[in-house]
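The values are calculated or read from the model by the stated rules, or taken from the named source; none is laboratory data. It should be emphasised that the depicted structure is a prediction, and the values quoted were computed from it without experimental measurement. Note that each Cβ is placed from the backbone with ideal geometry, even for glycine, and that neighbours are counted across all protein chains shown.
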Amino acid sequence: MEVYSDDICVVHVNENPITLGHVRIYPKKEVQYLDLLPGAQIAHMYSLANTCAQILFEGLKCDATNIICRNGIDSHVSLEIIARKNEDGLGMIWEPTPADRNTVAEIASKIKAAIIPVDPKQVDDVVAEPVPEEIYPSEPEQKEDEQIDPWNPKKDYRLDALKRLP
Amino acid sequence: MSQQQTPEQIIAEQKENCPFCKIASGQIPAEKIYEDEVLIAIADINPIGAGHLLVFPKEHYPLMQMMPPEIRDHFFSKIGYLSKGQRDGAVLLNNVWFIAGGAAAGQRTPHFMLHLLPENQTTSELFTQKHIELVQEQVNQLGGALQQHLGGTQQQGQQPTQQSPISEEQRAQLAKRLQEDKELFALITQDPTKAAEKIHEDHELSKLFAGVDITALSGRLSQAGGGQ
């Protein structure tokens, strides 16, 4: 079910979800890796993902959200926003296991070398492209005669959100 | 005295003991991969596989939702470069960008971060999930809420991307009718399904409302009505 679309991407409620509250954001351009898109477009998609996560959190009263992008798995990459409940059995959590420091350092230096060729100026140019303005939180809607609607939250969500942190 | 802490107080307390704030300020050493004025990328010392990176803002934000939009945009506009570098440097075919917002999603520290994970057997198993049966009504409700929040705001933008299937003349007639007919207005805002039935039964009304999505109209009217 398509719920939003613009020049850059399209937002779908997943029709074949892994849990209730599974939203996908596809870039309009069919790419296998999200990093093939300009930085500003990636930022725009995450801005939408941020809003979607917020709506899932408030509207579904879920305990947490994941935002996951698996690059290279499908021919058309997508950002997935997944509503999580405590002990929902989905897993997607791993045990941190210490690795050999030298090995970590070695790979780190290789990655670092692979990133260096990027000209920081060029990066900033990309950032400077206009990114559509923030769309959440929207103005609280005034309705008389109404009870609290979880889909239209008005209170400061941060206290609730902070309780769900480790 | 109130026992309830404000979000600001909670965040200030978290910051004092936050290892990632200390990495950002240089008090704790780390394998830095990239750093600029907003963000820092390091190699995870407890990796899920070779090449696991952590990318986080230097400032302490417990959740992504708490990042100011300009910081967030800067942050995500750089992830692509780091991601490509990770694949090239660690010789990976695929990788995963992973964010956990809340403990139930796997967040372990109250400092927002993005994991750049290598795609390997472990992560592949981790993220391969069974699909569930669709509960259409709930999906519709969720879809409606998202539409309202995402699509509704887009209309306020500069570009009138919304294509209207109805003519200007019809729109004017409709607006006039809705202004005069308070009863109809109320019915549409309060019970769009019933309103749609009524309109369908009435010849004059169905002509006036031809091509109009009553549910969408209802949403817009109640939004506009509340704002005035």
- line: When B:ALA172 is run through (1) within 27 Å of B:ASN140 (Cβ to Cβ); (2) assigned to a helix (DSSP H, G or I); (3) among the small types (Gly, Ala, Ser), the failure sits at (1)
message: Suppose we filter the range A:71-87 for residues that are surrounded by fewer than 23 Cβ atoms within 10 Å (Cβ to Cβ) and facing chain B (nearest Cβ under 7 Å); how many remain?
response: 4
query: Exactly one of (1) more than 7 Å from chain B (Cβ to nearest Cβ); (2) assigned to a helix (DSSP H, G or I); (3) at pLDDT 90 or above is unmet by A:ALA108. Its number?
result: (1)
field: B:GLN86 free of Cβ contacts under 8 Å to residues at least 60 places away in the same chain, under 30 Å from B:ALA12 (Cα atoms) and surrounded by 21 or more Cβ atoms within 10 Å (Cβ to Cβ)
entry: no
- line: Scanning the range A:10-48 for residues that are in contact with a Phe, Trp or Tyr (Cβ under 6 Å, 6 or more places away or on another chain) and free of Cβ contacts under 8 Å to residues at least 40 places away in the same chain, the one farthest from B:GLN65 (Cα to Cα) turns out to be A:VAL10
- request: Mind counting the residues in the range B:51-95 that are part of a helix (DSSP H, G or I), more than 7 Å from chain A (Cβ to nearest Cβ) and among the aromatic types (Phe, Trp, Tyr)?
  value: 1
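So, B:GLY106, is that one at positive phi and touching a residue at least 60 places away in the same chain (Cβ under 8 Å) or not?
No, not satisfied.
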- prompt: If only one of B:ILE33, B:ILE11, B:ILE23, B:ILE48 is in a loop (DSSP other than H, G, I, E, B), surrounded by 12 or more Cβ atoms within 10 Å (Cβ to Cβ) and in contact (Cβ under 8 Å) with a residue 12 or more places away in the chain, which one is it?
  reply: B:ILE48
field: The lone exception for A:ASN16 - which of (1) surrounded by 13 or more Cβ atoms within 10 Å (Cβ to Cβ); (2) of a type outside the set (Lys, Arg); (3) out of contact with any helix residue (DSSP H, G or I) (no Cβ under 7 Å at 6 or more places or on another chain) it fails
entry: (1)
task: Take A:ALA49 and decide whether it is of a type in the set (Gly, Ala, Ser) and over 18 Å from B:GLY151 (Cβ atoms).
output: no
- prompt: With respect to the numbered conditions (1) more than 9 Å from every other protein chain (Cβ to nearest Cβ); (2) closer than 22 Å to A:LEU34 by Cα, which one is the sole condition not fulfilled by B:THR122?
  reply: (1)
field: Residues that are in contact with a strand residue (DSSP E or B) (Cβ under 8 Å, 6 or more places away or on another chain) and in a helix (DSSP H, G or I), drawn from the range B:115-143
entry: B:THR123, B:PHE127, B:VAL139, B:LEU142, B:GLY143
